[in-house]
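The block underneath contains the structure these notes are about, expressed in C-alpha cells.
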Amino acid sequence: MSQARIRYLNAARQSAKYEQMPNGQWVATIPKFEGLRAIGATRDEAWWNLRDAFDHWLDEQIKMGREVPHIHGLRAFEEGVNKLIATHRAATDDPRLKEK
C-alpha cells in the first residue's frame, strides 16, 4: 500500500465505527465509505482487516469510476485518485462509465 493510501486510510480511521456482534466478533466500518467493512475476533483485528479491505475497496472505486469520499486535509490525494478515475473512464469501452 502506498504512503498516500496509508495517510488517506489513517485519516478515514478517525471516523471508523466498531460494533461488537452477539457472537463476540467485531465489525469495523467507515461511514462515508459505502460497502467497506471488515470483521475480526477483536477490535484491533477488525481494524487490520478493514485496512486490508480498504486497498481492494479503493481499487474497485477506481475501476468502477466512483469518486472517493473527501477527507479534510487530503485534497491532493483525492484529486489524484479522481484524476485516475477520469482517465480510466476515458480509456474504457464500458459505456456505463463514460456516461458519468
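The values are calculated or read from the model by the stated rules, or taken from the named source; none is laboratory data. In this text the structure is predicted, and so the values were computed from the model without any measurement. In this analysis, Cβ positions are derived from the backbone assuming ideal geometry, glycine residues included, and neighbour counts consider all displayed protein chains.
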Q: Mind telling me which of the residues Glu99, Glu19 ends up being at pLDDT 95 or above, more than 24 Å from Gln3 (Cβ to Cβ) and of a type in the set (D, E, K, R)?
A: Glu19
Q: Residues being without any contact (Cβ under 8 Å) to a residue 24 or more places away in the chain and in contact with a Phe, Trp or Tyr (Cβ under 8 Å, 6 or more places away or on another chain): count how many of those fall in the range 39-63.
A: 5
Q. Looking at the range 36-78, which of its residues are closer than 20 Å to Gln14 by Cβ, of a type in the set (Gly, Ala, Ser) and modelled with pLDDT under 85?
A. Gly73, Ala76
**Q.** Filter result (under 13 Å from Leu50 (Cβ atoms) and either free of Cβ contacts under 8 Å to residues at least 24 places away in the same chain or in a helix (DSSP H, G or I) (or both)) within the range 15-24
**A.** Ser15, Lys17, Glu19
Q: Considering every residue within the range 22-33, establish whether at least one is farther than 27 Å from Ile62 by Cα, modelled with pLDDT of 95 or more and buried (at least 17 other Cβ atoms within 10 Å of the Cβ).
A: yes
